[in-house]
1. Step by step: first the residues of segment 1-45, then only those that are assigned to a loop (DSSP other than H, G, I, E, B) and under 12 Å from the mean Cα position of the chain (by Cα), then the one that is farthest from the ligand (Cβ to nearest atom). Which residue is that?
2. Report yes if some residue within segment 94-106 is in a loop (DSSP other than H, G, I, E, B) and under 16 Å from Phe29 (Cβ atoms); otherwise report no.
3. Can you name every residue in segment 109-162 that is of a type in the set (Phe, Trp, Tyr) and under 21 Å from Lys16 (Cα atoms)?
4. All but one of (1) surrounded by fewer than 18 Cβ atoms within 10 Å (Cβ to Cβ); (2) outside any loop (DSSP other than H, G, I, E, B); (3) more than 12 Å from the ligand (Cβ to nearest atom) hold for Asn58, so report the exception by its number.
5. Restricting attention to segment 107-128, and to residues there that are touching a helix residue (DSSP H, G or I) at 6+ places or on another chain (Cβ under 9 Å) and within 24 Å of Ala28 (Cα to Cα), which single residue is most open to solvent (accessible area, probe 1.4 Å)?
6. Taking only pairs six or more apart or across chains, which ones have beta-carbon atoms under 9 Å, a first residue in segment 64-75 that is on the phi > 0 side of the Ramachandran plot, and a second residue that is surrounded by 10 or more Cβ atoms within 10 Å (Cβ to Cβ)?
7. Quick one: Thr67 ticks every box in (1) open to solvent by 30 Å² or more (accessible area, probe 1.4 Å); (2) within 16 Å of the chain's Cα centre (by Cα) except a single one, so which number is it?
8. So, in segment 80-106, of the ones that are open to solvent by 20 Å² or more (accessible area, probe 1.4 Å) and of a type in the set (A, V, I, L, M, F, W, C), which residue ends up farthest from the ligand (Cβ to nearest atom)?
Amino acid sequence: MIFIWAEDQQHAIGHKGQLPWHLPADMAFFKQNTIGKMLISGSRTFASYKKPLPHRKNIVLTSRTATDYPSGVEVLHSASEVVTYEQAHPDETVIISGGARVFKSLLPYVDTLLRTRVLHKFKADTYMPEIDYSRFKLVESTAHEPDEKNPYGLVFERWERR
Ligand SMILES: NC(=O)c1ccc[n+]([C@@H]2O[C@H](COP(=O)([O-])OP(=O)(O)OC[C@H]3O[C@@H](n4cnc5c(N)ncnc54)[C@H](OP(=O)(O)O)[C@@H]3O)[C@@H](O)[C@H]2O)c1
């Protein structure tokens, strides 16, 4: 499975239930990498989207039931259910969009990390769990300079498990 997230220079990912930043270049990267895939999000992260994201299978990790979500949204209840779900759909790509709690519980199973580094420090209340990068290999790194729409530098990275 794949993780996709953006973090700042202190590994911050969230503030008050939202992203700490507005960066259209990273939103475009997220869209490009999640369209057509099975997107799994924690209930807080899913709530931050306001509605299911189009052109993706939306799956929520929660202790609640599917009846609490719009039709078409699937619900899973544990990390092991995610693993079973992925095994049951070998022709699909499962991509995990966080948040921190979801990333932490699925860390043992992740193969690919799509990390955006935001070259700034933000006020935050949610942080990426610690990842042992010696277990992964950096296979792609693309810098995006600040521009009129994206006030901070970005680095798009792809890491594969060794
Ligand atoms: N920068 C980024 O790339 C990025 C990515 C994602 C999120 N974020 C930010 O991070 C914050 C949200 O992260 P968060 O850690 O607070 O919340 P979260 O992981 O999105 O959601 C937590 C909720 O998901 C459910 N959940 C998580 N792991 C579970 C598991 N293993 N089994 C069953 N249910 C599980 C529980 O739902 P119930 O309480 O419903 O049972 C839990 O309360 C927001 O600020 C968001 O904007 C940032």
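1. So, considering only residues that are assigned to a loop (DSSP other than H, G, I, E, B) and under 12 Å from the mean Cα position of the chain (by Cα), the one farthest from the ligand (Cβ to nearest atom) is Met1.
2. We begin by selecting, within segment 94-106, every residue in a loop (DSSP other than H, G, I, E, B); these are 97-99.
Filter once more, keeping what is under 16 Å from Phe29 (Cβ atoms): 97-98.
Taking every residue of segment 94-106 in turn, at least one turns out to be in a loop (DSSP other than H, G, I, E, B) and under 16 Å from Phe29 (Cβ atoms).
3. Within segment 109-162, the first condition is being of a type in the set (Phe, Trp, Tyr), and the residues that meet it are 109, 122, 127, 133, 136, 152, 156, 159.
Answer for segment 109-162, where residues must be of a type in the set (Phe, Trp, Tyr) and under 21 Å from Lys16 (Cα atoms): Phe122, Tyr127, Tyr152.
4. Answer for Asn58: the failing condition is (1).
5. Tyr127
6. Qualifying pairs under 9 Å: Gly72/Pro52; Gly72/Lys57; Gly72/Asn58.
7. Answer for Thr67: the failing condition is (2).
8. In this case the residue turns out to be Ala88.
The values are calculated or read from the model by the stated rules, or taken from the named source; none is laboratory data. The shown structure was predicted, so the numbers you read here are calculated from the model rather than taken from an experiment. All Cβ positions, even for glycine, are placed from backbone atoms using ideal geometry, and neighbour counts span all protein chains on display. For the accessible areas, the whole protein counts, side chains as well, though only heavy atoms, and no ligand, DNA or RNA atoms are used. Shrake-Rupley method; radii C 1.70, N 1.55, O 1.52, S 1.80 Å.
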